[in-house]
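Student: Starting off with a structure, shown below.
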Amino acid sequence: MKQSLSGLLVATLLLISCNTPMTKAIEITQSTLALPLEVLGAEGYTVTAKINIARGSTARTLWLQVNNLSYDNKASVQINDAAWIGLRNDNTDIEAAGKAYGGIGGGYSTLRLRVPIVGAMDGENTIRFRFNQSDGVSIGYRVLALNLYDENSSPLIPSTAFSKTKPIDWIPTRNTPQDIAKGKALWSEAGLKASYLSNAKAIKANCADCHTQDGRDLHQFNYSSYSIVERSKFHGLSQIEGEQIASYIRSLQQTLGTPSERCRPWNPPYQPGAGLDAEKDWTCGAGLDAVLENDADSLQSVFPNGYNKAAIATTGLLNAREIPVAFQLPDWKRWLPRVHPMDAWGDEFTNSSLNKRYAGEGTGSDKTVLRDLLKTRGQDYILGKNGDFWTDSYYWGVEWGERWKPSTPIDRNNLEHQAALYSTAQWLLVKNWELAQEFNLEEHCPALYRARVAKNPAIKASKVEARSWCGHWRFIFDVSPHILKIPENNNIFGSNKARTYFANAWYYLQLLINPGSGIHNVHLPTDWQYAYGLLNDLEDVSQRLEPARGLIYIVKGSQEMANGIGVHDVERGWNFRDATPLDVWTEGKTGRWKNMPDATRIAVVNAYLETWLDQSEQYPETQWQRIDGADGDNWCGWSQRRLCWKDYQPGTLRGTNPTRENFATWSFEAIPNMRADGINGALLNRYADLMHKLYPNAEYLALKR
Ligand code: HEC
């Protein structure tokens, strides 16, 4: 019953198996195989690819690069008439970092894996990909690349056998003004079901609520018309309605222009890469290809002219947007909320100020409506000449971060409660992304930082990023399951590895999108020490070490602290909580730098130690804020930014909740260990002198050699 016409894309009906209903399938018989294969749609949907492979009979494994393989047995593959193989963690060999963060269903949105196969032949082969069943969240996956390998791991299909689908070729199937208008209306008022699963309920949210209000996210990341139709059907709409929505999204091209080639569903938003600032569509990131294989390779971009302190000077401004890292950020699908807050919390959300402040909906008491103000006042509002976008957006964050108290107490062991929390943080994130794109905030924000300093020089926004989101509120950081206190086990991410990956990924995205531009204040817009801590946690759960990405974090943190304010106000200025050489060294050869050559470790730690000393030595002891011993200010522990008592003896217990976990004690113990690890002796002597200046009664001078 299969029909194929060479050189054509043929849609045909295939019976998948006795248990699955008749499902539409696509058979691809072009001279080249156009990738990706979109294995998206109803449960059981199958894509069939025919490929000519001269030495096909020698094939032993199938290699795949797949986006959104989000659970075991979501996908099955079949070679010719051999048995179907369900892809699972226990029968596939998943490459490197993808595996370390949990593999299928883990952190990475795109995985590369191999699976043993039989049944390939010399000549034409049929490879089928099936989407087995939905988890109520996903409608399938995309095969971005594939090959067959022989027993020597040599690829059998030449790259000339493949081509790439081009978004520009997608022709809207219903391109009349009436259909486009209908699609636009459906986007915001269709009335949807949560999914096509038989037990799925009606939901209050529409496409526009979870995505962007005008659908520009699907346009920006080039979601195919096919995927939009299938996703519409997933939410209970008809084929025609889906096509109308897809035609509306395609029509955005006329007003929003053509997104860059890097803008594809699998390319992680804001993935850093060389030259990105000069490109349009920063938001699309530098692409999956910009994700490095080895963490150590980031060092070339941090130190283009060899290891030296100038490259990472506290007084400098490292462009993290352009430093590729060996860490794949979440794709756009991982930004979207799985449940809209109005469905998660009901009227309590709809009528809250948290909702009101975004677009004016509901009966919340808030009078400020960000979307209206941005629309009517534009750049003047953003730059603080007519109203104050900075403060208004800050209080939007406060509505969630500090004031949101639902009447049903949140039980963090309850998966539904976890989903409500996480999805609400994601909703805020997506709506911030929407405002940032629609009102060009990524370009205006640097000007806003400068305008604020011009008004009030004490603000010291001395580190203005060329591109960023504005303000103090940490809308990205706050999506982290760590800050949301989602438990390590029994969580919506399926594993502690995946949870910790996301905890770290959102922290890193905050660093990329809005590290602060020098306006750091306590733990806004990033709590640096938390971010460093979560990198440690991620290394613990994955056993994958990232000293170079760790260095980028700490260099950015210390540059943010070295903003000209100094040590009389450690919550805003320089301090030893948010940037220290110990965070870079991290036990050296026995710790995070274990897999790095000695010479590299020593050179990098020396470079950082030197710039940190240059900065720290500037301040007379008398300028430093210290805990004063009064009630509430008598604790000298790990997160204290002030210095301890001047006569403190490292290693002793003192004050409220006494602890040895403080910078004075850590330094006392670390200086000899760093010396043994090969760190520059003269610099370590300067370190000892600095600590002696700050704690004259302690025996730091005895550590000098
Ligand atoms: C409750 C929030 C919500 C609503 C409402 C919603 N979406 Fe989505 N959408 C998501 C999430 C979450 C994903 C990512 C799913 C995944 O992880 O596979 C997604 C994914 C998609 C995708 C990508 C699918 C893929 O696998 O490539 C498209 C296209 C899409 N949505 C279109 C729509 C359209 C059209 C509507 C309205 C008919 C809509 N969405 C309504 C949350 C929502």
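The values are calculated or read from the model by the stated rules, or taken from the named source; none is laboratory data. Note that the structure is predicted; figures quoted are calculated from it, not measured. Cβ placement follows ideal geometry from the backbone for every residue including glycine, while neighbour counts extend to all protein chains displayed. When the accessible area is computed, the model is the full protein with side chains, heavy atoms only, and any ligands, DNA or RNA have been set aside. Shrake-Rupley method; radii C 1.70, N 1.55, O 1.52, S 1.80 Å.
Student: Within segment 67-81, work out how many residues are among the aliphatic types (A, V, I, L, M) and open to solvent by 20 Å² or more (accessible area, probe 1.4 Å).
Tutor: The initial filter retains those residues of segment 67-81 that are among the aliphatic types (A, V, I, L, M), namely 69, 75, 77, 79.
Checking the rest, the ones that are also open to solvent by 20 Å² or more (accessible area, probe 1.4 Å) come to none.
So the count comes out to 0.
Student: Here is a follow-up. Give the residues of segment 77-116 that are assigned to a strand (DSSP E or B) and farther than 23 Å from residue 52 by Cβ, sorted by residue number.
Tutor: 86, 93, 94, 110, 111, 112, 113
Student: I'd like to check something: does segment 322-333 contain any residue that is farther than 30 Å from residue 562 by Cβ and away from the ligand (no atom under 16 Å from the Cβ)?
Tutor: Step one: filter segment 322-333 for residues farther than 30 Å from residue 562 by Cβ, giving 328, 330-333.
Still in the running and away from the ligand (no atom under 16 Å from the Cβ): none.
No: zero hits.
Student: If you don't mind, another one. Test residue 564 against the criterion of being at pLDDT below 95 and closer than 24 Å to residue 464 by Cα, and give yes or no.
Tutor: So residue 564 passes the test.
Student: Out of the residues in segment 90-132 meeting the condition of being crowded, with 17+ Cβ neighbours inside 10 Å and of a type in the set (S, T, N, Q), tell me which one is nearest to residue 45 (Cα to Cα).
Tutor: Going through the qualifying residues, I end up with 132.
Student: I would also like to ask the following. Would you mind stating whether residue 64 is open to solvent by less than 10 Å² (accessible area, probe 1.4 Å), part of a strand (DSSP E or B), more than 16 Å from the ligand (Cβ to nearest atom) and in contact (Cβ under 8 Å) with a residue 40 or more places away in the chain?
Tutor: Details: open to solvent by less than 10 Å² (accessible area, probe 1.4 Å): yes; part of a strand (DSSP E or B): yes; more than 16 Å from the ligand (Cβ to nearest atom): yes; in contact (Cβ under 8 Å) with a residue 40 or more places away in the chain: yes.
Spelling it out, residue 64 is indeed open to solvent by less than 10 Å² (accessible area, probe 1.4 Å), part of a strand (DSSP E or B), more than 16 Å from the ligand (Cβ to nearest atom) and in contact (Cβ under 8 Å) with a residue 40 or more places away in the chain.
Student: Does segment 438-449 contain any residue that is in a helix (DSSP H, G or I), within 16 Å of the ligand (Cβ to nearest atom) and in contact (Cβ under 8 Å) with a residue 60 or more places away in the chain?
Tutor: No, the conditions are met nowhere in segment 438-449.
Student: So, in segment 160-181, exactly how many residues are in contact (Cβ under 8 Å) with a residue 60 or more places away in the chain, part of a helix (DSSP H, G or I) and within 20 Å of residue 36 (Cβ to Cβ)?
Tutor: Residues in segment 160-181 being in contact (Cβ under 8 Å) with a residue 60 or more places away in the chain, part of a helix (DSSP H, G or I) and within 20 Å of residue 36 (Cβ to Cβ): 4 in total.
Student: Hey, can you tell me all the residues within segment 601-635 that are assigned to a helix (DSSP H, G or I), open to solvent by 20 Å² or more (accessible area, probe 1.4 Å) and over 10 Å from residue 581 (Cα atoms)?
Tutor: Hits for segment 601-635 are 602, 603, 614, 621, 622, 623.
Student: Here is a further query. State whether the residues of segment 291-300 include one that is away from the ligand (no atom under 16 Å from the Cβ) and of a type in the set (Val, Ile, Thr).
Tutor: Within segment 291-300, the subset away from the ligand (no atom under 16 Å from the Cβ) is 291-300.
Retained after the next criterion (residues that are of a type in the set (Val, Ile, Thr)): 291.
Yes: segment 291-300 contains one or more residues that are away from the ligand (no atom under 16 Å from the Cβ) and of a type in the set (Val, Ile, Thr).
Student: Residues 682, 702: which one is among the hydrophobic types (A, V, I, L, M, F, W, C), farther than 18 Å from residue 613 by Cβ and part of a helix (DSSP H, G or I)? Write out each step before concluding.
Tutor: Values: 682 fails: farther than 18 Å from residue 613 by Cβ.
Testing whether each residue is among the hydrophobic types (A, V, I, L, M, F, W, C), farther than 18 Å from residue 613 by Cβ and part of a helix (DSSP H, G or I) leaves just 702.
Student: Would you say residue 258 is assigned to a loop (DSSP other than H, G, I, E, B), farther than 20 Å from residue 508 by Cβ and open to solvent by 20 Å² or more (accessible area, probe 1.4 Å)?
Tutor: yes
Student: Given 343, 289, which one is within 17 Å of the chain's Cα centre (by Cα) and part of a helix (DSSP H, G or I)?
Tutor: 289
Student: Oh, and also: For residue 228, are the conditions met, namely being in a helix (DSSP H, G or I), at pLDDT below 95 and either surrounded by fewer than 20 Cβ atoms within 10 Å (Cβ to Cβ) or within 12 Å of the ligand (Cβ to nearest atom) (or both)? Outline the logic, then answer.
Tutor: Working: in a helix (DSSP H, G or I): yes; at pLDDT below 95: no; either surrounded by fewer than 20 Cβ atoms within 10 Å (Cβ to Cβ) or within 12 Å of the ligand (Cβ to nearest atom) (or both): yes.
For residue 228, the condition - in a helix (DSSP H, G or I), at pLDDT below 95 and either surrounded by fewer than 20 Cβ atoms within 10 Å (Cβ to Cβ) or within 12 Å of the ligand (Cβ to nearest atom) (or both) - is not met.
Student: Okay, moving on. Check residue 303 against each of (1) among the hydrophobic types (A, V, I, L, M, F, W, C); (2) within 26 Å of residue 493 (Cβ to Cβ); (3) away from the ligand (no atom under 16 Å from the Cβ) and name the one condition it does not meet.
Tutor: All conditions pass for residue 303, except number (2).
Student: Next question. Go through the residues of segment 163-184 one by one and say whether even a single one is at pLDDT 95 or above, surrounded by 12 or more Cβ atoms within 10 Å (Cβ to Cβ) and touching a Lys or Arg at 6+ places or on another chain (Cβ under 8 Å).
Tutor: Yes, some residue in segment 163-184 is at pLDDT 95 or above, surrounded by 12 or more Cβ atoms within 10 Å (Cβ to Cβ) and touching a Lys or Arg at 6+ places or on another chain (Cβ under 8 Å).
Student: What tally of residues in segment 194-203 results from selecting those that are more than 9 Å from the ligand (Cβ to nearest atom) and either touching a residue at least 60 places away in the same chain (Cβ under 8 Å) or under 28 Å from the mean Cα position of the chain (by Cα) (or both)?
Tutor: Total meeting the criteria: 4.
Student: If you take the residues of segment 38-61 that are among the aliphatic types (A, V, I, L, M) and part of a strand (DSSP E or B), which of them is nearest to the ligand (Cβ to nearest atom)?
Tutor: Among those residues, the one meeting the criterion is 40.
Student: With respect to residue 316, determine if the residue is open to solvent by 10 Å² or more (accessible area, probe 1.4 Å), modelled with pLDDT of 95 or more, small (Gly, Ala, Ser) and within 16 Å of the ligand (Cβ to nearest atom).
Tutor: Details: open to solvent by 10 Å² or more (accessible area, probe 1.4 Å): yes; modelled with pLDDT of 95 or more: yes; small (Gly, Ala, Ser): yes; within 16 Å of the ligand (Cβ to nearest atom): no.
No.
Student: Here is a further query. Using beta carbons and a limit of 6 Å, which pairs, at least six apart or on different chains, have the first residue in segment 597-617 and hydroxyl-bearing (Ser, Thr, Tyr) and the second one surrounded by fewer than 24 Cβ atoms within 10 Å (Cβ to Cβ)?
Tutor: So the pair list comes out as 611/309; 611/313; 611/314; 616/690.
Student: So, residue 114, is that one at pLDDT 95 or above, within 29 Å of the chain's Cα centre (by Cα) and more than 16 Å from the ligand (Cβ to nearest atom) or not?
Tutor: yes
Student: Output the number of residues of segment 182-215 satisfying the condition of being of a type outside the set (A, V, I, L, M) and assigned to a loop (DSSP other than H, G, I, E, B). Steps first, answer last, please.
Tutor: Pass one, segment 182-215, residues of a type outside the set (A, V, I, L, M): 182-184, 187-189, 191, 193, 195-196, 198-199, 201, 204, 206-207, 209-215.
Add one more test, that the residue is assigned to a loop (DSSP other than H, G, I, E, B), and what stays is 191, 195-196, 198-199, 201, 204, 206, 211-215.
So the count comes out to 13.
Student: If residue 137 passes every condition in (1) closer than 30 Å to residue 500 by Cα; (2) crowded, with 19+ Cβ neighbours inside 10 Å; (3) within 16 Å of the ligand (Cβ to nearest atom) but one, which one does it miss?
Tutor: (2)
Student: Also: Kindly list, by first and then second residue, each pair from a residue in segment 210-224 that is within 6 Å of the ligand (Cβ to nearest atom) to a residue that is of a type in the set (Phe, Trp, Tyr), limited to pairs with Cβ atoms under 9 Å and residues at least 6 apart or on different chains.
Tutor: Here the result reads 210/427; 211/187; 218/332; 223/332, each pair linking segment 210-224 to a residue that is of a type in the set (Phe, Trp, Tyr).
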